Amino acid sequence: GTNETQENCDAVVVGAGFSGLYMLHRLRDTLGLKTRVFDVADDVGGTWYWNRYPGARCDSESYFYSFSDRLSEELLQEWTWTERFAAQPEILSYLQHVAERFDLYEDIRFRTQVVAAEYDEAAGRWTVRTGDGGRVTATYLITAVGCLSTTNLPDFPGRDAFGGPWYHTGLWPHEGVDFTGQTVAVIGTGATGVQAIPEIAKQAAHVYVLQRTPNYDIAGGNRPMTADDGRAIKDNYREIWQTTRETGFGFPYRTAERTALSVSDEERHQIYAEAWQRGGFRIGTTFNDLLMDEDANETAAEFLRARIREQVHDSDVAELLSPRDHPFFTKRPPLENGYYETFNRDNVTLVDVRRAPIQEITATGVRTAEAEYEVDTIVYATGFDAMTGTLFKLGIRGRQGIGLQEKWADGPSSYLGVTANGFPNLFMITGPQSPSVLTNMPVAIEQHVDWITDCLRYLRDRGLDTIEPLPAAEQDWVDHHNEVTETTLLPRANSWWVGANIPGKPRRLYPYVGGLDIYRQICEQVANRDYDGFALGSCGAATSG
Ligand code: NA7
């Protein structure tokens, strides 16, 4: 039987990670809206609920990968991060703490999948259906589904006939996996593989690392936080957050105002070496033309290749680990903590599946065009159908029953990456064509949530309850997005940023590369001009507020 529950709300939020939690807090506690949140998981956390593979940690420093002073200054002072880059369990317990502290659990329905969300034009309301037969109507529909929440499992022949256990990193078993004594194949060397491989290699008898494209892995420099670190951070939190809002990537450090070729070779090397020593993405902010100019970029690329040669003893392996096919930062550079050194171990073999692609998974292992690798376990670190994969699974249909997936068959078309024509009262937190994955995510999330909150308050204060972007405004945003994209080197690489990892996915830059600072100003301007580019109206559909 079905669970024909019916509920009428002001807002439905899909997802209970960073964005869903903060959105619920704003809608319910700031605006007083009756809000229902759904999540398929059985707890909060989103990305940090699912990604429990060994070595999983955030590549943004812990002290600014969190909610800012906009949520709570007290929480910032009370919460202490134990490592410079927080591991998954710590981020998950942080989000659980936030959910408890702000009484968010009571409005979240877990283990519940949204299977359809349809806009009823006459009523001016969304009807949301869940996998258990539930039905909820709401004035506003807000997706908070994350950008990397639908896993990509390559459809290798024989995949399901493999006789041993296999795992995707993004759907890792909660009880963990014991690799002791096992021979393991890890497919994929993106940010995830680079974190997992050193940990698996410490346990397993042997690891085959199946690499298709080497990346420019940046030294992570993770270490425990000291009491001094903690004090310096807590004393300066206001300024730290202020800076994250003024920078293009949402980090508390600014991109230097100089081009890479404007300084001598010696000085440039020193600048890179210093940034590399400090660890993390800082190296991407050393010069302001690394993403724009191929020659500038090559200086950073070659600096990083030299670090690989320094760390990896076997020069053939070092060369195989060195990217030559794409400029630095045109694919997301992983942070590494012991990844390159792992290739000096006797129990690790790097396999080039670019030269000899994977042809088949057999009952006992992986067969490439060159050889067969017998393994006990396969780990797929093969990434995600990013940014649109999960949105499409929600079955969103707007005016005239047109599906979001239909509308976006040739690639996303949005206004500000957060709304789309034909879909009134739909807001997509960190949607495609918004800065999202090219930034420190919580800062981008807060900007979206706060902007949506201000927008709904504006509507309510004027007795309005519908908002939809005009086609011309949407077209202008898409044109601007494409123009900015073309000024960068990003279209040159086969990255998940351009959808190249998913067969048949339209090749477009999915995140907006104009910078979170610029984007924030544009959004503020739109709001200050009475939601310029939007049609506002009233259906009398609001149930409260
Ligand atoms: P990524 O960055 O998409 O990496 C996936 C890896 O899997 C990458 O090395 C791929 O090689 C490889 N891959 C994917 N499909 C195949 C096939 N069919 N054969 C061989 N190798 C394959 O995902 P991650 O989970 O590491 O990281 C995602 C984001 O999470 C990361 O960027 C951060 O923002 C956090 P390719 O490079 O496509 O040649």
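Values computed for the structure shown
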{"quantity": "Candidate set from region 338-354 (those that are away from the ligand (no atom under 12 Å from the Cβ) and closer than 11 Å to residue 211 by Cβ); member that is surrounded by the fewest Cβ atoms within 10 Å (Cβ to Cβ)", "calculated": "349"}
{"quantity": "First in region 209-237 and in a helix (DSSP H, G or I), second anywhere and more than 16 Å from the ligand (Cβ to nearest atom) and not hydrophobic (A, V, I, L, M, F, W, C), Cβ under 6 Å, 6 or more apart", "calculated": "230/80; 233/63; 234/77"}
{"quantity": "Search result, residues across region 255-292 that are in contact (Cβ under 8 Å) with a residue 40 or more places away in the chain and either farther than 20 Å from residue 326 by Cβ or buried (at least 16 other Cβ atoms within 10 Å of the Cβ) (or both)", "calculated": "260, 276, 277, 278, 279, 280, 281, 283, 284, 291"}
{"quantity": "From 449, 437, residue being aliphatic (A, V, I, L, M) and surrounded by fewer than 24 Cβ atoms within 10 Å (Cβ to Cβ)", "calculated": "437"}
{"quantity": "Single residue of region 210-232 satisfying the filter (among the hydrophobic types (A, V, I, L, M, F, W, C) and within 25 Å of the chain's Cα centre (by Cα)) that is nearest to the ligand (Cβ to nearest atom)", "calculated": "210"}
{"quantity": "Meets criteria (modelled with pLDDT of 95 or more and more than 23 Å from the chain's Cα centre (by Cα)) for residue 462", "calculated": "yes"}
{"quantity": "Test: residue 396 is farther than 22 Å from residue 212 by Cβ, surrounded by fewer than 16 Cβ atoms within 10 Å (Cβ to Cβ), more than 15 Å from the ligand (Cβ to nearest atom) and of a type outside the set (D, E, K, R)", "calculated": "no"}
{"quantity": "Filtered residues of region 170-199 (kept if part of a helix (DSSP H, G or I), closer than 20 Å to residue 211 by Cα and within 12 Å of the ligand (Cβ to nearest atom))", "calculated": "170, 191, 192, 193, 194, 195, 196, 197"}
{"quantity": "Helices (runs of 4 or more DSSP H) contained in region 1-88 and holding at least 1 residues under 30 Å from residue 232 (Cβ atoms), among the acidic types (Asp, Glu) and more than 16 Å from the chain's Cα centre (by Cα)", "calculated": "73-78"}
{"quantity": "Complete set of residues in region 293-337 that are over 18 Å from residue 212 (Cβ atoms), touching a residue at least 60 places away in the same chain (Cβ under 8 Å) and among the hydroxyl-bearing types (Ser, Thr, Tyr)", "calculated": "none"}
{"quantity": "Qualifying residues in region 399-427 (those that are out of contact with any Asp or Glu (no Cβ under 9 Å at 6 or more places or on another chain) and assigned to a strand (DSSP E or B)) - the one nearest to the ligand (Cβ to nearest atom)", "calculated": "427"}
{"quantity": "Which listed residue is buried (at least 17 other Cβ atoms within 10 Å of the Cβ) and within 30 Å of residue 293 (Cα to Cα), from 489, 459", "calculated": "489"}
{"quantity": "Scope region 211-240; condition in contact with a Ser or Thr (Cβ under 8 Å, 6 or more places away or on another chain) and of a type in the set (A, V, I, L, M); matching residues", "calculated": "225"}
{"quantity": "Of all residues in region 474-523 being among the aromatic types (Phe, Trp, Tyr) and within 16 Å of the ligand (Cβ to nearest atom), the one that is nearest to residue 384 (Cα to Cα)", "calculated": "496"}
{"quantity": "Test: residue in region 106-128 that is aromatic (Phe, Trp, Tyr) and either at pLDDT below 95 or surrounded by fewer than 21 Cβ atoms within 10 Å (Cβ to Cβ) (or both)", "calculated": "yes"}
{"quantity": "Flag for residue 392 being within 26 Å of residue 136 (Cβ to Cβ) and part of a helix (DSSP H, G or I)", "calculated": "yes"}
{"quantity": "Residue count for region 65-105, restricted to those that are within 30 Å of residue 33 (Cβ to Cβ) and either touching a strand residue (DSSP E or B) at 6+ places or on another chain (Cβ under 7 Å) or within 16 Å of the ligand (Cβ to nearest atom) (or both)", "calculated": "3"}
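The values are calculated or read from the model by the stated rules, or taken from the named source; none is laboratory data. Since this is a predicted model, take the numbers as computed values, not measurements. Reconstructed Cβ throughout: ideal geometry from the backbone, glycine too, with neighbour counts over all protein chains shown.
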